[in-house]
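Just dropping this structure here.
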Amino acid sequence: MYYIGIDLGTSAVKLLLMQGDGQIANIVSREYPIAFPHPGWSEQNPADWWDAVCAGIPELLNGFDASQVAGIGAGGQMHGLVVLDAQDKVIRPCILWNDGRTQKQVEYLNNVIGKENLSKYTANIA
């Protein structure tokens, strides 16, 4: 029995094939680009994530019996903004967690409202 782990990171997807006893059977990584269309901006095409996973899975399972895969777990980068239309289609590149275009707004929130108040009322910081 095998399990597949999918880690969708900022620069690459890492795929892991693990045996039922916890032993690692195979690891595959597929990179994808980050776009910096303007200073401080950081974006990605969500289709690149899917393409990387779809290209990596056959490589991950090469030499293994795919019918023995009992489960798949996935995790990914946080705080990215993927904008969808009414039909759930991506309408623009994803704004990544490390995008800096809101720097002025962050400074305002931290200086005027304060980090402590932001955390208290929103359970987040700017």
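Values quoted throughout were computed directly from the atomic coordinates according to the rules given, and no laboratory measurement underlies them. Predicted, not measured: the structure shown is a model, and the values here were computed from it. Cβ placement follows ideal geometry from the backbone for every residue including glycine, while neighbour counts extend to all protein chains displayed.
So what is the diffusion coefficient of the chain in µm² per second by Stokes-Einstein at 10 °C and 1.306 mPa s, using a Kirkwood Rh over Cα pairs?
Numbers: Rh = 17.1 Å.
For the chosen part, D equals 93 µm²/s.
Sum -39500 (n - 2.57) across every DSSP H segment of at least 4 residues in the chain, then divide by the residue count to get the 222 nm mean residue ellipticity, nearest 500. Provide the component values of the computation, followed by the final result.
Working: 3 runs with 30 residues, N = 126.
It lands at -7000 deg cm²/dmol.
Given 62, 78, 122, which one lies farthest toward the positive end of the charge dipole of segment 17-126, if we put +1 on the Cβ of every Lys and Arg and -1 on the Cβ of every Asp and Glu?
122
Given R₀ = 25 Å, what would the calculated FRET efficiency be for residue 47 paired with residue 101, taking r from the Cβ atoms and rounding to 0.05? Let's see the in-between values first.
Working: r = 22 Å, r/R0 = 0.88.
That pair, residue 47 with residue 101, gives E of 0.70.
Still on this structure, please answer the following. Can you give the extra length, in nm with one decimal, that the chain gains between residue 84 and residue 38 once fully stretched, where that is 0.36 nm per residue apart less the Cα-Cα distance?
Additional length available on full extension: 14.3 nm.
Roughly what angle does helix 46-61 make with the longest principal axis of the chain, taking Cα atoms, 0 to 90 degrees, to the nearest 10?
Result, in degrees: 20.
At what distance in nm do the modelled label points of residue 122 and residue 25 sit from each other, each positioned 7 Å from its Cα along Cα→Cβ?
Inter-label distance under the simple model: 4.5 nm.
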